[in-house]
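I have placed the structure first, in the form of structure tokens, so that the comments after it can refer back to it.
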Amino acid sequence: MGYDAQGAKAVLLAAPPNAVVGRASIVAAGKTIDLDVASAESVSGWGATQYRRIDFTSVRVVGEHVVEVEVDDRPVTARVVIGADRLVAVTVSDIAAAFRAARSSGEIDRKDARARFYADDSGAEVDARGGWLDASGDFSKFLSHLTYTRMMSPQQIPLCAWAMLAARDALAARHPHFDTYQGARLRDEGLFGADFLMRFRSPDGYFYTAIFDALTKDLNERVITAPLQNSVRTQRWQAAYRHGGGLAIAALARASTLDTHGEHSSADYLRAAQEGFEHLEEHNAEYLFDGVESAVDDYCALLAATELAAASGDRGHLDAAAHRIASLRRRFTADSSGVGYLIGDRLGRPFFHAAESGLPVVALMRFAELFQGQTAAAEATALAIDVMSALVARTDSVPNPFGYPRQLVHDEHADRPREAFFFPHDNETGYWWQGENANLGSVATAAALVADAAGCPPALSDRLRRLGADCLAWVGGLNPFDSCMLQGRGRNNVEYLGRYQNSPGAIVNGITSHPFDEDGIAFLPDEAADGDEWRWAEQWIPHSAWFLLAVCTTR
């Protein structure tokens, strides 16, 4: 998709081990500039291919250029495009359009206007119109799924609503000449999500977790529930902080501060957010399958309290946010090599995630942005810097020419944690693992925010900017499969299934470890079981929301 003129830029040469690589150059504005070729690196488990990184960050000439490398005395070339705010220019409109296409409408909305509860014969109904359908092959609506787990509940519709509003603000601050039209589109899409959240809540104050049809696509099977693995539905439908409740509060509180509103008034958005927060402060543990809060509850509650404090001016919300910052700080520790990590759950396992490992840092930095001068703001920034320093240390601990972020993970049945590129197959969900493009967007967002933070050491700031660029570039096509993950852009887009078509402007799940090798790498492999195509090729709304926010946040 191209490179931002002011950002980090690189291409990678993939070659067999015996290749003889000579001079590399780029022709920009009629001038040939020699480029350094990094030493060959192979990634353990990724095959025999050796990768040589060729950096051209210093080239800022806008236009279409050619990188040339001599390989075995023959030229190999690649076309590259450099533009001012290039990624914003080619992706924001696409992603906004994809979300509009994913809006619930028609027969689904007519059914959801009188949504029923699973295995409930009381006749109770909820007006659950609106929101976005979850994925190209799943027409459900989720605040979160995998809610039976300790650390794997991903933030879904509420995250998307909040991210639209956050991206709109970031666009205005960092890319102001795109703000006039695109900013209004993002605001209106965020309000559309907020209006769904207003409807999808109980009179008692909590938000519901999901409308799910057990993957049948049968309208009569659409019920309010929180599913277990194998599409087993339950009568647990109260969303705790980590089940989307926290992000729903954050999205509504942020919506209340806008210069306009959707179907509800600004005061109504704020009132619903306050009621939801008060309810979860009292009842959150009751809605958790294990009854014990995890790091996910901490950062979701932190973002909720932060947005509420900014919208309401209530000191109690500020204190609640400071309490969550302190809780996250207590979770931060170090492994035997001295590299830090967050303790994620009651078992003492490290926090790791397939979709939002950057969200704790994003929540910390949002507090620091809004409440500069507060003691807790300095503490939030310091913790965010520590978390990202640790991430960089793990990312750089092995040959890693693509700069793919590495996490400390703990396989469900293992004795101890390990460092890994990809989310482990053996995890607490019992079945769920997939491509991690949402996670890359979350890391890129966190990297951009911390790189800009006062107090971030210059060397770390530079490294984080390159990390963010590497994450976005991987999604954009700079990966071992030379495949752009955003439908309709770049090259080598993949198809999902004929009966479940992907949409232009949305992002597929992406690359994983190999199905039969945790250290391997795969993208729609032939060896995958029939029916597993979703793990790689299905589009999912958090991928697009996180990529949008990352692109708008990156300077």
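Shape of region 408-493 from its Cα gyration tensor (a ≥ b ≥ c, root eigenvalues): rounded if a/c is under 1.5, otherwise prolate when a/b > b/c, or oblate? Oblate is the answer for region 408-493, as a/c is 1.5 or above yet b/c matches or exceeds a/b.
Distances over 12 Å make up what percent of all Cα-Cα pairs in region 54-98? Looking at region 54-98, the distances longer than 12 Å represent 71 percent of pairs. Per residue, the convex hull spanned by the alpha carbons of the chain comes to 144 Å³. Could you give log10 I(q)/I(0) at q = 0.20 Å⁻¹ for region 421-555, computed by the Debye formula over C-alpha point scatterers of equal weight, without solvent? The Debye formula, applied to the Cα set alone, gives -1.15. Each 5 Å bin from zero up to the one holding the largest Cα-Cα distance in region 481-540 carries the following percent of pairs: 4, 20, 29, 25, 15, 6, 1. Packing order of peptides 272-278, 21-27, highest average first: 272-278, 21-27 (average count of other Cβ atoms within 10 Å over each peptide's residues). Amide H contacts under 5 Å for ALA210: LEU143, THR225, restricted to partners 5 or more places along the chain or on a different chain, H placed in the peptide plane at 1.01 Å from N. Annotation: lysines with alpha-carbon distance below 20 angstrom to LYS31 (same-chain offsets under eight excluded): LYS9. Of the peptides 186-192, 437-443, 260-266, the ranking by mean beta-carbon count within 10 Å, highest at the top, reads 437-443, 186-192, 260-266. Under 5 Å between amide hydrogens, built in the peptide plane, is the criterion, and for ASN493 it picks out CYS484 among residues at least 5 positions away or on other chains.
For region 93-190, the alpha carbon convex hull comes to 127 Å³ per residue, rounded to a whole number.
On the principal axes of its alpha-carbon atoms, region 1-100 has extents of 49, 38, 19 Å, going from largest to smallest.
Peptides 87-96, 444-453, 250-259 ranked from most to least packed by the mean count of surrounding Cβ atoms within 10 Å: 444-453, 250-259, 87-96. What whole number of Å gives the distance from the Cα centroid of region 394-449 to the Cα centroid of region 198-213? Comparing the Cα centres of region 198-213 and region 394-449, I get a distance of 31 Å. Counting only DSSP beta bridges whose two residues both lie in the chain, roughly 90 percent are antiparallel. Sort out for me the Cα centre separation of region 298-326 from region 483-545, rounded to whole Å. So the two Cα centres are separated by 37 Å.
Between the C-alpha center of region 226-277 and that of region 92-120 there is a gap of 16 Å.
Each reported figure results from applying straightforward, stated rules to the coordinates on display, with no laboratory input. Predicted model only: the values in this text are computed from it and were never measured. Every residue, glycine among them, receives a Cβ derived from its backbone with ideal geometry; neighbour counts consider all protein chains shown.
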